[in-house]
Amino acid sequence: MSGLTWKMAAGATLMLGLVVLGSSLNHYRKLNDAAQREITTLKSELDNAYAALQTQQALQNKLRELDARYTGELADAKTTIESLERDVLAGKRRLQLNAACVQRPMPAGAAAAGVADDGSPRLNDAAQRDYFTLRERIDAATIQIKGLQEYIRTQCR
């Protein structure tokens, strides 16, 4: 081969190598750009999922606080009613309700009954127990309704 042909072949080979190298670089640059776009998209989705998780955890914490608050109120109401019932049974307190005086039976041959012979107004034992049961249920329902209203105000909007 002559010197000129050899130089032309080397130049052509070098040019072909540069074209192949440029084409390879362009191909890998496009792959890199696509990978970068996918990474950016995935990072955005991850950030959104993390924010949603944080929001969900905050809502769960609020629900725990609501539950603890209203469970405590319910326990306090029950304790108050039980204490009141014990005090009534022990005679420390009296129920003040609209009640009728119970007539005491008159012994045979006794004088006519007067107001002083009437018994003190009170409920019978079953009605008294029912009163406390009713009070406990009313307090429980009131506290449960307040809890549900608070839940709706904080969680459903």
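Values quoted throughout were computed directly from the atomic coordinates according to the rules given, and no laboratory measurement underlies them. Treat the numbers as computed from the prediction; the structure is a model and nothing was measured. Using ideal geometry, Cβ is built from the backbone for each residue, glycine included, and neighbour counts are taken over all protein chains shown.
Quick notes on this one:
- R0 of 30 Å, Cβ-Cβ distance R93-R69: FRET efficiency to nearest 0.05: 0.55
- Neighbour-count ranking [beta-carbon atoms within 10 angstrom, fewest first] of E150, E85: E150, E85
- Extending 7 Å from Cα along the Cβ direction at T55 and again at L16 yields two label points whose distance is 6.1 nm.
- Once the chain from T5 to I152 is taken as fully extended at 0.36 nm per residue, the excess over their C-alpha distance is 44.0 nm.
- The overall shape of region 28-88, judged from the alpha-carbon gyration tensor, is prolate: a/c is not under 1.5, and a/b is greater than b/c.
- Those lysines that a straight Cα-Cα span of less than 23 Å connects to K146, excepting residues fewer than 8 apart in one chain: K62, K78
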